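**Student:** To start, I am sharing the structure in question, which I have written as structure tokens.
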Amino acid sequence: MICRSALQRWYLGTVLALSGILGWLPASAQCTNNNTLTGSAVTPPCPGTTSVACVQGGQYALVNVVSGNTYTFQTCGGATWDTQITLFNGAAATSLAYNDDGCAPQSAVSWTANYTGQVRVLLDEYPCLANTTCATLTITCTPPPPPATNNEPCTATALTPSLACVNTVGSNAAATASAGVPAPTCSNYAGGDVWFSVVVPAGGALTLSSTAITGSLLTDGGMAAYTSSSCAGPFTQVGCNDDFNGLMPLLALTGLAPGTTLWVRYWEYGNDAVGQFNICATIPPPPPTNDNPCQATALTVTSNCVYGTFSNTSTTATAGVPAPSCGFYTGADVWFMFVAPPSGIALVQTQAGTWTDADMSLYTAAACNGTFAEVLCDDLSGPGVMP
């Protein structure tokens, strides 16, 4: 809100949120690789399930695996004693995974093979003991999902811009890096991207927004937009964002050519989590009528403050006016004007609404198109952090 204003502009500083990465490292109480082999090597069908009927505490099964497949090893309901499962590679040099009570007191461990070869599945009785009682080891193999249908720009999923957000559900499952497109400049890109396309609406402004889906492992996304005359490129990045909706991205783009196609690249930060996400394209509302000095809102100087309510939604920077000397001006200003009273004294005061941290600069000028001379600039003299 604002009352008794001079020819002035408001501006809003940009707040940068620095996001950290939370790592999780499970504690390991794995058993040592001193077990003995039982039977011969097993090759599980994929997809499919097989089992080794009798594995005693202190023994291991040798399993043939294929890179990219996910294998689940478990004794759930197949043992009468407290089991532990420890995975080692075929050469017994590297421990791969461990579980104690995945289906307490039984064990279950899931592992995605990063090589093709053999894995040792050690079975022990807690705490890492041998016994002579059989347990059934069940092995389930799941192949990797097929690549996302929108894994490349030429198979991009089309988004339809609208006034309100209408979410499209995306996923980065089995996504791979796209060749021939410049790497995005934000959000720790490490491959695993999927693509969307959107036609720029009249007005040349477009907002692309992404939010997390409850229960999805993809909670930290990155998004970049490119222009290109075709899905084959060449591509020119016009925007990149990391964290806006929490750790999910938003791109507010202006000055685009109406009717052209934007290619939107989406990925997970660091490419170490797979899941679904929401994405939508919206048309921002037109800027307020007082976006420039020649459309400034006229205010009347009164003896008592009478506030009016205003907005900076969709505002742009004003060219040809000296930058304000205070605050953190990065554009997006609105304008007001008043005629100085006979006393030559006026108080210009603001009050917070949904916008709580504003800045204000006062200029004199003979006409709305300049030349402008700054008289005063203020950041924090009003209530709270209003000017």
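The values are calculated or read from the model by the stated rules, or taken from the named source; none is laboratory data. None of the values given here were measured: they were computed from a predicted structure. Here the Cβ is made from the backbone with ideal geometry for all residues, glycine too, and neighbour counts use every protein chain on show. Areas reflect the complete protein model, heavy atoms only, side chains present, ligands, DNA and RNA absent. Shrake-Rupley method; radii C 1.70, N 1.55, O 1.52, S 1.80 Å.
**Student:** Of 143, 286, 341, which has the largest mean-square fluctuation in a 10 Å C-alpha GNM of the chain?
**Tutor:** 341
**Student:** Could you provide, to the nearest whole Å², the per residue accessible area of the chain with probe 1.4 Å?
**Tutor:** 48 Å²
**Student:** How many Å³ per residue does the convex hull of the Cα positions in the chain occupy?
**Tutor:** About 182 Å³ per residue, rounded to a whole number.
**Student:** Under the Karplus relation 6.51 cos²θ - 1.76 cosθ + 1.60, θ = phi - 60°, what is the ordered set of whole-Hz ³J(HN,Hα) values for the range 231-240, x standing for Gly and Pro?
**Tutor:** 5, 8, x, x, 10, 10, 5, 10, x, 8
**Student:** Just to verify a number: what accessible area does residue 355 come out at with the full protein assembly present, 1.4 Å probe, Å² rounded to tens?
**Tutor:** Approximately 40 Å² of residue 355 is accessible to the 1.4 Å probe.
**Student:** Of the candidates 312, 304, 69, which one comes out as most mobile in a Gaussian network treatment of the chain with C-alpha springs shorter than 10 Å?
**Tutor:** 304
**Student:** With an 8 Å Cα cut-off and a minimum separation of 6 or more residues, compute the relative contact order for the chain in percent.
**Tutor:** Contact order relative to length: 20 percent.
**Student:** Further question: Any idea of residue 236's accessible area? Nearest 10 Å², probe 1.4 Å.
**Tutor:** 80 Å²
**Student:** In whole Hz, with x marking every Gly and Pro, tabulate ³J(HN,Hα) for the range 316-323 from phi via Karplus 6.51 cos²θ - 1.76 cosθ + 1.60, θ = phi - 60°.
**Tutor:** Calculated HN-Hα couplings, in order: 10, 6, 9, 7, x, 10, x, 4 Hz.
**Student:** Could you size up the charge dipole of the chain around its Cα centre, putting +1 on the beta carbon of Lys and Arg and -1 on that of Asp and Glu, and report it in debye to the nearest 20?
**Tutor:** 560 debye
**Student:** First compute the accessible area of the chain with a 1.4 Å probe, then give the percent of it belonging to carbon and sulfur atoms.
**Tutor:** 58 percent
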